[in-house]
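Each value in this text was obtained by applying a stated rule to the coordinates, not by laboratory testing. Model, not experiment: these values are computed from the prediction. Every residue, glycine among them, receives a Cβ derived from its backbone with ideal geometry; neighbour counts consider all protein chains shown.
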Amino acid sequence: MRKWSVFVLWIFAFLSCRQISKSIDETIDPVDSVADKQKLVSAASTTTSTTHSIVHREGENIGFLKDSVNLLRAEVLLKNLPQYTGKEIYVYSSVSFFDDGRIFIALQHPINPKYVDNYQYEKGKWTGPKPEQLSVKDDIKDRLVPLSLMKFVNVARVCRNYNEKALDIEGAKPVTHIYLSIWNNRVQWFPNSISGSRERYSIEFNNEGTLKSFKRE
């Protein structure tokens, strides 16, 4: 029985690694540093014991916003939800990422496009769906973006660029919550400003998380 259990765990780890490897190929962007790429590639060789370790650490203050591997893992698990198997996932309205490992996201219903469901990621697992109450005035189509165009690893780039600027501003603090809003089928990153004890700056990011503009207000 023990040998059979070990075999099943090995198969699970093997399939997970292959899936993560595929996601890495789809995720790596030219703007990533060599270190970032190596970190993502290393996720493909994750063992079962390492995976359990990741799950155990999530939910604590672990620097999730800059952790490309765990962000990628969260995206892979979202894509693996059975209701979305073989279907394009569309993100609705907004997504919130927290440094303690939590994610809040709204997705268009996989069958009825007029519906929206809420999901939460915490301690390495997705929970949901929970139905979103919509008004007849809500324009769902206007606030949708394909998940394939909104990769979770972009959060790590936003975090890195934000913190690099904040480091040079007296009194400014590192970011602990990053969220994006979707309007006219476009993504806008937040926070869009950095406040110090003496100065305040506006900051904007491109869709992939690279710095778009930075100026003092």
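Can you give the relative contact order of region 63-217 as a percent, counting alpha carbon pairs under 8 Å and 6+ residues apart? Working shown, then result.
Details: 304 pairs, mean separation 32.8, N = 155.
Computed value for region 63-217: 21 percent relative contact order.
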Pop out the ³J(HN,Hα) list for region 114-121 in order, Karplus 6.51 cos²θ - 1.76 cosθ + 1.60 with θ = phi - 60°, rounded to Hz; leave Gly and Pro as x. 7, 9, 9, 10, 9, 10, 10, 10
For Arg198 and Phe104, what does the FRET efficiency come to when R0 = 45 Å and r is the distance between their Cβ atoms, rounded to the nearest 0.05? 0.85
Which length gain, in nm to one decimal place, applies between Arg216 and Asn184 when the Cα-Cα distance is subtracted from 0.36 nm times their residue separation? 8.8 nm
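Grab the Cα-Cα distance for Lys123 and Thr85, subtract it from 0.36 nm times how many residues apart they are, and report the gain in nm with one decimal. Don't jump to the answer; show the numbers that get you there.
Numbers: separation 38, 0.36 × 38 = 13.68 nm, distance 2.27 nm.
Roughly 11.4 nm would be gained on extension.
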Distance in nm between Gln133 and Ile62 label points, each 7 Å along Cα→Cβ, equals 3.5
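If the limit is 32 Å between Cα atoms, which of Lys130/Lys165; Lys66/Lys137; Lys87/Lys125 go over it? Could you put the intermediate results ahead of the total?
Details: Lys130/Lys165 37 Å; Lys66/Lys137 37 Å; Lys87/Lys125 20 Å.
Exceeds cut-off: Lys130/Lys165; Lys66/Lys137.
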In the P(r) worked out for region 63-217, what percent of Cα pairs fall beyond 24 Å? 35
